[in-house]
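The values are calculated or read from the model by the stated rules, or taken from the named source; none is laboratory data. The shown structure was predicted, so the numbers you read here are calculated from the model rather than taken from an experiment. FYI the Cβ positions are ideal-geometry reconstructions off the backbone, even for glycines, and counts take in every protein chain you see. Please note that ligands, DNA and RNA were not included when accessible areas were found on the heavy atoms of the full protein model with its side chains. Shrake-Rupley method; radii C 1.70, N 1.55, O 1.52, S 1.80 Å.
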Amino acid sequence: MDRIVVKGSGPLSGQIPIAGAKNTCLKLMCASLLSDEPLTLTNVPRLSDVATLSDLLESLGVQIGRLDDGRTLALSAADLTSQLAHYDIVRKLRASFNVLGPLIGRTGEAIVSLPGGCAIGARAVDFHLEGLKKLGASVDLKDGYVYASGDLKGAEVEFPFPSVGATENVMCAAVRAKGTTVIKNAAREPDTKALADCLIAMGADIEGAGTEQIVVRGVDKLHGATHRVITDRIELGTYMVAPGIAGGEVECLGGRRDLLAAFCDKMEQAGLEITETDAGLKVRHPGGRLKAVGVTTAPFPGFPTDLQAQFMAMMCFAEGTSVLEETIFENRFMHAPELIRMGASIDVQGNTAHVTGVETLKGAPVMATDLRASVSLILAGMAAEGETVVNRVYHLDRGYEQLVRKLRGVGANVERLSE
Ligand code: EPZ
């Protein structure tokens, strides 16, 4: 099992290219099921999650052409051979559950394994299922699978919480339903807006994506399209934190402030200088210690839960005490015990963590538990004395393409060792 070894490196300098968005790309791939004509995706990130979802789609009969060294995928769902999304794949990749809406929208039937929980929380799917029932689907649960079927009719769907996945599943089902669907309290994440843009390119009639109310007028058929995956705002934010911890200046190529406005505001409150350039976003550490800043995670346009761990790693070095409140997932502080092993001063009480900054941390062997917790440990190791060894790096391969290469490219002392 590979591991990553990090040593203190001194100030960073240079450019990091930001890849296409994992969480957008996975849903765009699911949307290919809605048409019998090819959907070509460009700027695809080369990640294990993309490979896993490709396996699932191919098991349904989707043909996938890989071009441009895997950065372009041509997905053709002309001849679907199955409507069963098996537990073996869905349990590895929760986003697989988002084949449910497209499958029932296209074929009127879907059998999809329940995704089950994961390290950060129970990850229920009740909002997804209630939404599909509102569209007229019959939904039964049996032996760990969702059996959904029916000719869908437009309806009003109001979510109790602006769930990203549920909004996307219901939107994909609604594009082929008869009549108009109004989704209220919809997710406003850029990923969800990007999915709507792709569906519109395929001939769907959708208004309001990116706001809390989305109106979908069903159409009989979707045609093929070529669509570019947007920049990954979570990868962007992750690499913006790197100079916040190690010092120096890094330009994140392809970065846009509108993808992360709330996060950028908090980074500036901590003392970092953020400049929009023609090529992306430049982040500069002013020297000395950053200031402690409080954060409460929230649905977009709030501070992203997927950047909470990285921000906490940065606050471990700040002057003062930062209060971090995690409101989206019930168990998303698993990086805290590992940071504490490195000498951080963190007091976790329920969904709130009090982080009191220290001058420096001590490198240690640490364990990765989920995608974002893993990368926060690497970031912390970049300013720790001695060596930090991060195990279970397969978590990282799910969401960070060429992480070691990108960090070494700006002067970080990071290397990957294969067992
Ligand atoms: C997406 O997960 C992302 N994953 C997550 O990124 C991200 O953290 C999350 O949105 C929030 O932004 C993908 O897009 C593949 P939710 P999703 O439905 O859709 C509860 C990463 O690191 N809920 O908005 O599952 C749920 O338990 C991952 O890249 C229900 O109770 O998020 C959670 O507490 C991690 N019932 C909250 O809502 C439901 O039916 C937010 O979930 C659905 C959700």
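Between Asp232, Asp278, the distinction of being more than 24 Å from Arg46 (Cα to Cα) and at pLDDT 95 or above belongs to Asp278 only.
Restricted to the range 1-34, and to residues there that are of a type in the set (S, T, N, Q) and touching a strand residue (DSSP E or B) at 6+ places or on another chain (Cβ under 8 Å), the residue that is surrounded by the most Cβ atoms within 10 Å (Cβ to Cβ) is Ser32. Note on the range 70-97: residues that are open to solvent by 10 Å² or more (accessible area, probe 1.4 Å), in contact with a Leu (Cβ under 7 Å, 6 or more places away or on another chain) and touching a residue at least 40 places away in the same chain (Cβ under 8 Å) amount to 2. Select from the range 271-283 the residues that are of a type outside the set (A, V, I, L, M) and surrounded by fewer than 17 Cβ atoms within 10 Å (Cβ to Cβ) and list them in ascending order. Of everything in the range 271-283, those that are of a type outside the set (A, V, I, L, M) and surrounded by fewer than 17 Cβ atoms within 10 Å (Cβ to Cβ) turn out to be Glu273, Thr275, Glu276, Thr277, Asp278.
One residue alone among Glu168, Glu207, Glu212 is in contact with a helix residue (DSSP H, G or I) (Cβ under 7 Å, 6 or more places away or on another chain) and acidic (Asp, Glu), and that residue is Glu168. Inside the range 128-140, can you point out the residues that are within 22 Å of Arg217 (Cβ to Cβ) and either open to solvent by less than 60 Å² (accessible area, probe 1.4 Å) or out of contact with any helix residue (DSSP H, G or I) (no Cβ under 9 Å at 6 or more places or on another chain) (or both)? Scanning the range 128-140 gives His128, Gly131, Leu132, Lys133, Leu135, Gly136, Ala137.
Residues that are of a type in the set (Ser, Thr, Tyr) and open to solvent by 10 Å² or more (accessible area, probe 1.4 Å) were ranked within the range 217-270; the one that is farthest from Thr305 (Cα to Cα) is Thr226. The set of residues in the range 136-160 being within 15 Å of the ligand (Cβ to nearest atom) and touching a residue at least 40 places away in the same chain (Cβ under 8 Å) consists of Val146, Ala148.
Could you please let me know if Arg233 is farther than 30 Å from Glu359 by Cα, touching a residue at least 24 places away in the same chain (Cβ under 8 Å), touching a Pro at 6+ places or on another chain (Cβ under 8 Å) and of a type in the set (Lys, Arg)? Against the criterion (farther than 30 Å from Glu359 by Cα, touching a residue at least 24 places away in the same chain (Cβ under 8 Å), touching a Pro at 6+ places or on another chain (Cβ under 8 Å) and of a type in the set (Lys, Arg)), Arg233 does not qualify. Go through the residues of the range 322-340 one by one and say whether even a single one is within 16 Å of the ligand (Cβ to nearest atom), among the polar types (S, T, N, Q) and open to solvent by less than 10 Å² (accessible area, probe 1.4 Å). There is no residue in the range 322-340 that is within 16 Å of the ligand (Cβ to nearest atom), among the polar types (S, T, N, Q) and open to solvent by less than 10 Å² (accessible area, probe 1.4 Å).
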